[in-house]
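Have a look at the structure below, then the notes.
The values are calculated or read from the model by the stated rules, or taken from the named source; none is laboratory data. Owing to the predicted nature of the structure, the values given are computational and were not obtained by experimental measurement. Note that each Cβ is placed from the backbone with ideal geometry, even for glycine, and that neighbours are counted across all protein chains shown.
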Amino acid sequence: KDNSGKIFKYVLIDSSDSAVEIHPHGATITSWVAGGKQRLFLSKKAILDGSKPIRGGIPLVFPQFGPGKLKQHGFARDTVWELLGYKDQSDGVKAKFLLSENSSTLGSLWPYKFRLVYTILLSQSSLKLSFELKNTDQNPFSFTTLFHTYFVTSDIENVRVNNLEQTIYDDKIEKSVDNKETSDAIRFTKSVDRVYKNTVDELKVTISNDESILITKKNLNDIVLWNPWAEIAKGMSDFGDEEYKTMFCAEAGSVSTPIELQPGNDWECHMQLTLQ
Ligand code: BG6
């Protein structure tokens with residue numbers, strides 16, 4: 001808590017070299033230490049006072065990916081979530097957060113009642129993030145969602161994303177759709193903003209010569225790769241001009257086709273990051 005008694009972060013510690021920090025604003029994970037090292041990028045210019053979404057860590061995109069009727073990436077990352085509880089268990093430490101309709105979400109633009117439970121399970125070398133969504137409204141609604149994961153690297157030149165060869169992707173920078181990936185090890189050498197569609201559920205991300213992270217996912221069809229690179233970075237007020245060299249986003253989500261959820265129905269997904 002800060003001096004005024006306001007909670008500014010929750011910390012889960014599993015062992016001496018694994019811990020996670022969660023900011024109540026957006027239930028944004030702002031730090032994941034595994035194997036004794038920080039694995040997530042958080043901008044030095046990130047705004048942490050709740051006045052805007054947090055630039056870095058793992059903001060949650062729901063119920064809208066990108067621009068649209070709602071503000072960019074939806075309201076989940078820009079709303080304070082409620083801590084439901086936490087627990088030490090044999091497979092790690094777990095915390096559960098809740099987002100349900102409230103004055104900041106139940107606007108006329110998305111007038112639906114819902115219950116979204118976010119579970120964070122931290123274990124020795126992995127972080128498992130799960131969503132359980134229930135439509136508690138009388139009407140169906142559709143949504144897109146994504147774990148907007150910012151990884152940290154000491155040098156972007158060493159980063160490779162594997163297992164997307166032959167996958168079809170839309171490129172938001174080139175403004176082209178349905179391209180086929182030809183590389184078995186994607187690199188970031190310029191501004192990248194792509195949605196890979198219907199991807200495999202296990203991807204390897206190489207961070208440096210001797211570090212890699214495995215992303216596994218369930219019920220999330222797509223992977224978004226993003227790095228603003230120099231020029232776009234300059235136009236971002238909460239991102240340092242040089243920080244594009246030390247970060248990249250590899251984001252598991254369901255964004256290319258909205259999911260429709262009927263009244264009373266449930267939907268679940270998860271993403272797990274495992275240090276290799
Ligand atoms: C990515 C999108 O997921 O998020 C990009 O594909 C977007 O188009 C980026 O620029 C960052 O978005 P924001 O709203 O956090 O600046």
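Summary table below
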quantity: Inter-residue pairs, beta-carbon under 8 Å, first within 13 Å of residue 94 (Cα to Cα) and at pLDDT below 95 and in region 4-30, second in a strand (DSSP E or B) and aromatic (Phe, Trp, Tyr), 6+ apart; calculated: 10/86; 12/86
quantity: Only listed residue being touching a strand residue (DSSP E or B) at 6+ places or on another chain (Cβ under 8 Å), of a type in the set (D, E, K, R) and exposed (fewer than 14 other Cβ atoms within 10 Å of the Cβ), chosen from 171, 201, 178; calculated: 178
quantity: Options 121, 70, 83, 42: the member that is over 25 Å from residue 256 (Cα atoms), within 16 Å of the ligand (Cβ to nearest atom) and of a type in the set (A, V, I, L, M, F, W, C); calculated: 42
quantity: Residues located in region 35-47, provided they are surrounded by fewer than 17 Cβ atoms within 10 Å (Cβ to Cβ), under 16 Å from residue 78 (Cβ atoms) and touching a strand residue (DSSP E or B) at 6+ places or on another chain (Cβ under 8 Å); calculated: none
quantity: Subset of region 169-189 that is within 16 Å of the ligand (Cβ to nearest atom) and not charged (D, E, K, R) - its residue that is nearest to residue 156 (Cα to Cα); calculated: 188
quantity: Restricting region 224-256 to residues that are free of Cβ contacts under 8 Å to residues at least 60 places away in the same chain and not small (Gly, Ala, Ser), the residue that is farthest from the ligand (Cβ to nearest atom); calculated: 242
quantity: Unique match (being of a type in the set (D, E, K, R) and within 18 Å of the chain's Cα centre (by Cα)) among 234, 190, 217, 245; calculated: 217
quantity: Considering residues of region 190-222 that are away from the ligand (no atom under 16 Å from the Cβ), of a type in the set (D, E, K, R) and in a strand (DSSP E or B) only, the residue nearest to residue 67 (Cα to Cα); calculated: 218
